[in-house]
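Here is the structure we will look at.
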Amino acid sequence: MIKRCCLITTLLLLAACSSNPNEHKPSPLPILPAKVEQVSLNKLQSWTVGKGFNKPNEVVARLARQNDTVYAASHDGTVLAIEGVAKVRWQQKTKLAITGGLSAAYGRVVTATANAQVLSLDAATGTVQWQKTLLAPVLAAVAQTDERVIVQSNDGKVYGLDAATGNTVWVYDTPAPVLSLRGYASPVVFEDLVVISTATGKLVALAAQTGIPQWEVRVANSNGRSELERMIDIDGDMLLSADEILYVASYQGQVVAVDVAEAKPVLQWQQTLSSYRALSAGVEHVYAVDDSSHLVALDKTTGKVVWKQQDFAWRGLSHSVTANNYLFVGDKDGYVHIMAQSDGKLLGRFKVKGAVVDLLVNNNQLWVYTQQGQLRAYALPSN
């Protein structure tokens, strides 16, 4: 019990230190190109989703999409479904402390909470289908198959729930180090497998139906004398390409590309880089935001650094998204920056209300979600 209390105290101190605004001075806004060369976006519509995520250290629920509908949630339990850019399809006030990002698939919208609840809603109406209570909070978005909801809770346990009832079908336990970041990457489903990450730098593939392990591969190695130096969490969401290459980033570790098409995974390349943000990809590059808010483009085939944009250092960047030939990333001051995918050149920016916490591309639109619960849709520029 004493060891557990010391660990909790240590984690609280680490959180306090990492949120100290004086620890690193954010870079000033970089200079924009001449106005005639700038790229701008037209705002289509905006909404307010509950009360947002305004309390310190609240984990923000990621947006989700299915067909032409975008789903958003706030920490006060509000879930909003927006069809196209004009119609609020439904709003459900669950009154639950939502922390796990949304997952929309198979006619369901599933989310999770800081109080260890998993909630399934009907995607068409917002009606609650079932609610399940686990043993620990869930901070990452769940994954889904037609018959299973896969949940990784903050104690490292992975649950396979019956998608129709929420009943537990299987449980898989992952080892937990003494110190780790708060959260996990969302599980990734492909074919009949689900790939989960561990706080010890491994990927594990489980049979989605049964939870039986199929393979595992180490993608990060811990180094250093202290527990803090040996933290190698995989917290940013993994990225699965159409040709079944899985791109993974770890904190104090590296970005790796793993070929998961065969029975045994094959490591394609690795590049030293520390990140806890989700990765994004364009035609030729994978994009990562490192823990200093540098934006790095890596060659998809070799992993070599193609360019590194350092003008946003310590501006608290969100993850990036790609569309057409452009790259978009938000920051904690409410700016969304527009860059060229090819070389990282800054092409434009615009301001929203509150820190940018999530970006989503859907139906040739850029969706921007802020910590204050403001959700905006913009028309994407052509190439």
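The values are calculated or read from the model by the stated rules, or taken from the named source; none is laboratory data. What you are looking at is a predicted structure, and each value in this text was computed from that prediction instead of being measured. Positions of Cβ are generated from backbone atoms using ideal geometry, with glycine treated the same way; all protein chains shown enter the neighbour counts.
When Tyr251 is tested against the conditions (1) at pLDDT 95 or above; (2) in contact with a Leu (Cβ under 7 Å, 6 or more places away or on another chain); (3) of a type outside the set (S, T, N, Q), the lone failure is (1). Within segment 269-292, the set of residues being in contact with a strand residue (DSSP E or B) (Cβ under 9 Å, 6 or more places away or on another chain), more than 14 Å from Gly236 (Cα to Cα) and not hydrophobic (A, V, I, L, M, F, W, C) comprises Gln270, Gln271, Thr272, Gly282, Glu284, His285.
Checked against (1) in a strand (DSSP E or B); (2) small (Gly, Ala, Ser); (3) in contact with a Phe, Trp or Tyr (Cβ under 9 Å, 6 or more places away or on another chain), Ser46 passes all but a single condition, namely (3).
Applying the criterion of being touching a strand residue (DSSP E or B) at 6+ places or on another chain (Cβ under 6 Å), farther than 22 Å from Asp68 by Cβ and of a type in the set (S, T, N, Q) to the residues of segment 108-128, the residue that is modelled with the lowest pLDDT is Thr113. Among the residues of segment 305-330, just one is touching a His at 6+ places or on another chain (Cβ under 7 Å), among the polar types (S, T, N, Q) and part of a strand (DSSP E or B), namely Gln309.
Listed here are the residues, each with its yes/no results for (1) over 24 Å from Lys202 (Cα atoms); (2) without any contact (Cβ under 8 Å) to a residue 40 or more places away in the chain; (3) among the small types (Gly, Ala, Ser); (4) not in a loop (DSSP other than H, G, I, E, B).
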{"site": "Gly100", "(1), (2), (3), (4)": "no, no, yes, yes"}
{"site": "Gln129", "(1), (2), (3), (4)": "yes, yes, no, yes"}
{"site": "Val138", "(1), (2), (3), (4)": "no, yes, no, no"}
{"site": "Asp155", "(1), (2), (3), (4)": "no, yes, no, no"}
{"site": "Gly160", "(1), (2), (3), (4)": "no, no, yes, yes"}
{"site": "Val169", "(1), (2), (3), (4)": "no, no, no, yes"}
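Hey, among the residues in segment 336-383 that are more than 19 Å from the chain's Cα centre (by Cα), of a type in the set (D, E, K, R) and part of a strand (DSSP E or B), which one's surrounded by the fewest Cβ atoms within 10 Å (Cβ to Cβ)? Here the residue is Lys351. Here the condition is being among the acidic types (Asp, Glu), within 28 Å of Pro213 (Cα to Cα), surrounded by fewer than 16 Cβ atoms within 10 Å (Cβ to Cβ) and more than 21 Å from the chain's Cα centre (by Cα); of Glu244, Glu262, it holds for Glu262 alone.
Taking the conditions exactly as written (within 18 Å of Val39 (Cα to Cα), of a type in the set (Lys, Arg) and either touching a residue at least 40 places away in the same chain (Cβ under 8 Å) or surrounded by fewer than 22 Cβ atoms within 10 Å (Cβ to Cβ) (or both)), does Arg315 satisfy them or not? So Arg315 does not fit the description; no. Only one of the numbered conditions (1) surrounded by 14 or more Cβ atoms within 10 Å (Cβ to Cβ); (2) outside any loop (DSSP other than H, G, I, E, B); (3) modelled with pLDDT under 95 is not met by Gln92, and that is (3).
In segment 253-267, how many are within 20 Å of Lys304 (Cα to Cα) and either touching a Pro at 6+ places or on another chain (Cβ under 7 Å) or not hydrophobic (A, V, I, L, M, F, W, C) (or both)? Steps first, answer last, please.
Start the filter on segment 253-267 by keeping residues that are within 20 Å of Lys304 (Cα to Cα), which leaves 253-259, 266-267.
Remaining after also requiring either touching a Pro at 6+ places or on another chain (Cβ under 7 Å) or not hydrophobic (A, V, I, L, M, F, W, C) (or both): 253-254, 258-259.
Total meeting the criteria: 4.
Looking at this structure, is Thr302 polar (S, T, N, Q), more than 24 Å from Lys25 (Cα to Cα) and part of a loop (DSSP other than H, G, I, E, B)? Show your work before the answer.
Values: polar (S, T, N, Q): yes; more than 24 Å from Lys25 (Cα to Cα): yes; part of a loop (DSSP other than H, G, I, E, B): yes.
Yes: the conditions hold for Thr302.
Considering segment 191-215, the residues that are part of a loop (DSSP other than H, G, I, E, B) and buried (at least 21 other Cβ atoms within 10 Å of the Cβ) include one that is modelled with the highest pLDDT, namely Ala208. Taken over segment 11-29, the criterion of being in contact with a strand residue (DSSP E or B) (Cβ under 8 Å, 6 or more places away or on another chain) and at pLDDT below 95 is satisfied by no residue.
Selection of segment 135-150 for residues being among the hydrophobic types (A, V, I, L, M, F, W, C), within 14 Å of Ala104 (Cα to Cα) and out of contact with any Gly (no Cβ under 7 Å at 6 or more places or on another chain) yields Ala143, Val149. Out of all the residues in segment 95-116, which are of a type in the set (S, T, N, Q) and surrounded by 20 or more Cβ atoms within 10 Å (Cβ to Cβ)? Those that are of a type in the set (S, T, N, Q) and surrounded by 20 or more Cβ atoms within 10 Å (Cβ to Cβ): Thr99, Ser103, Thr111, Thr113. Taking Val188 as meeting all but one of (1) among the hydrophobic types (A, V, I, L, M, F, W, C); (2) within 19 Å of Ile245 (Cα to Cα); (3) modelled with pLDDT under 95, write down the number of the exception. Looking at each condition in turn, Val188 falls short on (3).
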